[in-house]
Amino acid sequence: MGVETSVGAPVTGGGPSVVWSARCVRVCVGVLAVLMTGLGAGPVLAQDQYTLLVSGASGGARFKENHDRWRATLVTALRNHPAFDDDHLIVLAETPGPGVGRASREGVRQAVAQLAGRMGEDAVLYVVLIGHGSFDGIDAKFNLVGPDLEAAAWDALLSQVPGRLVFVNTTSASFPFLARLAGRGRTILTATESAVQRYDTVFPEFFVEAFVALAADRDKDGRVSILEAFEFASVGVRQWYQQRGRLATERALIDDNGDGRGTEAGQPGPDGSTAARLYLGAGLEEAEVVTDPRLVPLVARRQELRQVVDVLKAAKADMRAEAYLRDLERVLIELARVSRQIRLRASR
C-alpha cells in the first residue's frame with residue numbers, strides 16, 4: 001500500500017480543519033464518487049419517516065408489564081425528536097386505547113395499508129415488533145391478538161409499501177424473518193440467529209434503552225443510528241447472560257445488503273453500512289426542519305461530517321488500521337464539538 005503521509009485535505013466548513021491521510025483521501029474520493037452516482041446502498045437523504053410499533057399478545061401479566069414499558073419508552077423517545085409528527089406513528093398493542101390500535105392481524109393489515117397510501121418512494125418505514133414469536137418448523141410467526149401473522153404474510157404485506165424498510169423483530173424464534181424479508185432497500189434485525197432460539201428475549205430491553213438519553217450514540221453526533229442501536233443491544237444481551245452465568249439463548253443479527261444471511265455484532269461481514277445511516281423516526285428527517293439561522297450552518301456542517309464518517313467506515317478495509325483510527329478520531333472529535341454547539345445554541 002506504500003507509505004502514508006498526511007496531506008492537507010480538510011473537511012470544509014467552520015471550525016478546525018480535519019486533515020486526512022493521503023490514502024484516506026484517495027479511498028474516500030472513490031467512495032464518494034460511487035455514492036454520488038447512486039451505486040450501492042447510497043446515502044440516506046432527508047425524507048419522510050414513518051414508524052409502525054406493534055406489541056403483540058403478552059401471554060401473562062409479567063410479560064405484559066415489560067411489553068407495555070418497552071413500547072411506551074420507545075414512543076417517548078420518538079416523540080422527543082424535534083421533527084416528530086404523530087401522524088407518522090402508528091402504535092398497536094394487546095390492549096387498545098387513546099392513540100393505540102389493537103395488535104390483531106386485521107389491525108396490522110389496516111395499518112400497513114394506511115402507510116402504503118401515504119408513503120412515497122423516498123420515505124422510510126420502521127417496523128418494530130415487541131412480544132413473543134414462535135416457529136412451527138416451516139415458518140416463524142409473531143404472536144398477535146387472535147390469529148398470528150407468519151413471516152411470509154408480513155413480507156407480502158410490506159411489499160405493498162414504497163420506499164425503504166427497516167424491520168426489527170425483537171422476539172424469540174425471529175431468525176426466519178431475516179431470510180424471508182431480506183431484499184434490496186431493506187434492513188432487517190432479528191433478536192435470534194436460529195429458529196430454535198425460542199426462549200423469551202432480553203434484546204428489546206437494550207434495543208429500546210439505546211434510544212433513551214442517546215445511550216448508544218457511540219460517535220457522539222447527537223443521534224442513534226439503527227446500527228448503533230443494534231450493536232448497543234447486542235453488547236447488552238451478552239453482558240446480561242454473562243452476569244447471570246447463563247448460556248446465551250439469543251444472538252441478534254442484522255442484514256442490510258439483502259442477501260438474507262445476516263451478521264452478528266462485532267463480527268466481520270458485509271452488513272451495517274446502510275444501517276449506520278438510518279435513524280428511527282416519525283416525521284421529517286432533521287435536515288428539512290431546521291429553520292433557526294444560527295443552527296442552519298452548524299447542522300449542515302454536522303451532516304457533512306456524518307457523511308465523512310460513513311465514507312471512512314466504508315473505506316476501512318482499504319486503509320491501514322492506524323490511519324483509519326487516526327482519521328476517524330479526528331472527524332469524531334470535530335463532530336462532537338459541532339454537535340455540542342448545536343445543543344447549546346438550541347437551548348438558548
Practice prompt. Considering Cα pairs under 8 angstrom that are at least six residues apart, work out the relative contact order of the stretch 48-284 and quote it in whole percent.
Written response: 21 percent
Response to the item:
For the stretch 164-220 the chymotrypsin sites (Phe, Trp or Tyr not before Pro) that pass both the DSSP coil test and the at-most-16 other-Cβ-within-10 Å test are 199
Worksheet item: What is the antiparallel percent of DSSP beta bridges lying wholly in the stretch 48-284, to the nearest 5?
Response: 35 percent
Worksheet, complete the sentence: Lys and Arg at +1, Asp and Glu at -1: neighbours of residue 186 with Cβ under 12 Å from its Cβ sum to -2
Discussion item. If you average the C-alpha positions of the stretch 125-146 and of the stretch 69-89 separately, how far apart do those two centres end up, in angstrom?
Written reply: 22 Å
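Using R₀ = 56 Å, calculate the FRET efficiency as 1/(1 + (r/R₀)^6) where r is the Cβ-Cβ separation of residue 152 and residue 337; round to 0.05. Walk me through the numbers on the way to the answer.
Numbers: r = 48 Å, r/R0 = 0.86.
The pair residue 152/residue 337 has a calculated efficiency of 0.70.
Tell me which trypsin sites (Lys or Arg not before Pro) from the stretch 246-278 have a DSSP coil assignment and no more than 11 other beta carbons within 10 Å of their own.
On the way: sites: 246, 251, 261, 277; in loops: 246, 251, 261.
Filter output for the stretch 246-278: 246.
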Worksheet item: Using a simple spin-label model with points 7 Å from Cα along the Cα→Cβ vector, what separation in nm is obtained for residue 136 and residue 121?
Response: 3.8 nm
Discussion item. At R0 = 25 Å, how high is the FRET efficiency between residue 95 and residue 347 if r is their beta carbon distance? Nearest 0.05 is fine.
Written reply: 0.10
Worksheet item: So how far apart, in nm, are the two label points at residue 214 and residue 307 if each is 7 Å from Cα heading toward Cβ?
Response: 2.1 nm
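So for the stretch 136-235, averaging the separation of alpha carbon pairs under 8 Å that are six or more residues apart and normalising by length, what relative contact order in percent results? Before the final figure, lay out the partial values.
Working: 137 pairs, mean separation 20.0, N = 100.
The normalised contact order for the stretch 136-235 reaches 20 percent.
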Worksheet entry | Whichever aspartates and glutamates have a C-alpha closer than 13 Å to that of residue 141, once near sequence neighbours (fewer than 8 apart) are set aside | 150, 155
Fill in: FRET efficiency for residue 321 and residue 72, using Cβ-Cβ distance with R0 set to 51 Å, rounded to 0.05
0.75
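Kindly provide the GluC sites (Glu not before Pro) of the stretch 42-118 that DSSP labels as loop, not H, G, I, E or B, and whose Cβ sees at most 12 other Cβ atoms within 10 Å.
Numbers: sites: 65, 94, 106; in loops: 94.
Filter output for the stretch 42-118: empty list.
Read-outs throughout are calculated quantities, based only on the coordinates presented, and are distinct from any laboratory measurement. This structure is a prediction, so every number in the text was calculated from the model and none was measured. All Cβ positions, even for glycine, are placed from backbone atoms using ideal geometry, and neighbour counts span all protein chains on display.
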